[in-house]
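Student: Pasting a structure below so you can have a look.
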Amino acid sequence: MIDIKQFREIVIRPALKLIKLYSPEAEELLLGTALQESRLQYLKQLGTGPALGVFQMEPRTHDDIWKNYLSYKPDLAKAVGKLSHSVNAQSLATDLLYAAAMSRVHYLRIPERLPAEGDIGGQAAYWKQYYNTYLGAGTEEEYLEVWKTYMGDEVI
């Protein structure tokens, strides 16, 4: 498992700052997303699923973000593209900064505001509705349990 504090300080925070989308609530939501999706240890979805990287984004989602969102936001697209050696779904598993940026852009497409920093319950609900969706196997309760397992009652 990747050290949580290092992942937050060396991957999430710099990625968000490089694409000019840093906020404490975004940083915390991305950390919770990575913990829930991969426990910061899997680069490919277990079983036969297609999801890639510690944020477990599916290639279809990756490609849709580029086609239907980033193609209309050239400055953001340029900033995100600079974080990868190659802008393709496989890079979600090999370029941590790129994967973090793509996860943030995925959430950026949502019109609802991000839950407040420290509102882990709100983050769990937001993740379930907009990242995992009603079709996904994950639950808000699982998100909260994973957060508690790895973070305790601490919000760092």
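Student: Charges only on Cβ, +1 for Lys and Arg, -1 for Asp and Glu: so what's the dipole of the stretch 1-148 about the Cα centre, in debye to the nearest 20?
Tutor: Charge dipole, the stretch 1-148, about its Cα centre: 560 debye, nearest 20.
Student: In addition: Just to confirm, what accessible area per residue do you get for the stretch 22-67 at 1.4 Å probe, in whole Å²?
Tutor: 42 Å²
Student: Given an 8 Å cut-off on Cα distances and at least 6 residues of separation, report the relative contact order of the stretch 1-65 as a percent.
Tutor: After rounding, I find 24 percent.
Student: Read phi for every residue in the stretch 29-39 and hand back ³J(HN,Hα) as whole Hz from Karplus 6.51 cos²θ - 1.76 cosθ + 1.60, θ = phi - 60°, with x for Gly and Pro.
Tutor: After applying 6.51 cos²θ - 1.76 cosθ + 1.60, I find 5, 5, 4, x, 4, 5, 4, 5, 6, 9, 6 Hz.
Student: Across the chain, how many lysine pairs separated by 8 or more positions, or lying on different chains, have Cα atoms within less than 20 Å?
Tutor: Lysine pairs, 8 or more places apart or on different chains, close enough: 13.
Student: May I ask for the percentage of alpha-carbon pairs in the stretch 52-138 that lie more than 23 Å from each other?
Tutor: I get 23 percent for the Cα pairs in the stretch 52-138 exceeding 23 Å.
Student: Only loop residues by DSSP count here, and only those with at most 16 other Cβ atoms within 10 Å; note down the trypsin sites (Lys or Arg not before Pro) in the stretch 1-91 that meet that.
Tutor: Of the trypsin sites (Lys or Arg not before Pro), the ones in loops of the stretch 1-91 whose Cβ has at most 16 other Cβ atoms within 10 Å are LYS20, ARG39, LYS82.
Student: Once neighbouring chains are kept in place and the probe is 1.4 Å, which whole percent of the accessible area of the stretch 75-139 is contributed by carbon and sulfur?
Tutor: Of all accessible area on the stretch 75-139, carbon and sulfur atoms account for 53 percent.
Student: For the chain, what's the relative contact order in percent, using C-alpha pairs closer than 8 Å and at least 6 residues apart?
Tutor: So the answer I get is 24 percent.
Student: How big is the chain along each principal axis, measuring the range of its Cα positions in Å and listing the largest first?
Tutor: Answer, in whole Å and largest first: 39, 34, 30 Å.
Student: Give, in nm to one decimal, the length gained when the segment between GLN90 and LYS20 is fully stretched (0.36 nm per residue of separation minus the Cα-Cα distance).
Tutor: Answer, rounded to one decimal: 22.8 nm.
Student: Do any GluC sites (Glu not before Pro) in the stretch 110-148 lie in a loop, going by DSSP, with at most 16 other beta-carbon atoms within 10 Å of their beta carbon, and if so which?
Tutor: Listed in order of number, the matching sites are GLU112, GLU117.
The values are calculated or read from the model by the stated rules, or taken from the named source; none is laboratory data. Keep in mind it's a predicted model, so treat the numbers as computed, not measured. Using ideal geometry, Cβ is built from the backbone for each residue, glycine included, and neighbour counts are taken over all protein chains shown. To get the accessible areas, we keep the full protein, side chains included, count just its heavy atoms, and leave off ligands, DNA and RNA. Shrake-Rupley method; radii C 1.70, N 1.55, O 1.52, S 1.80 Å.
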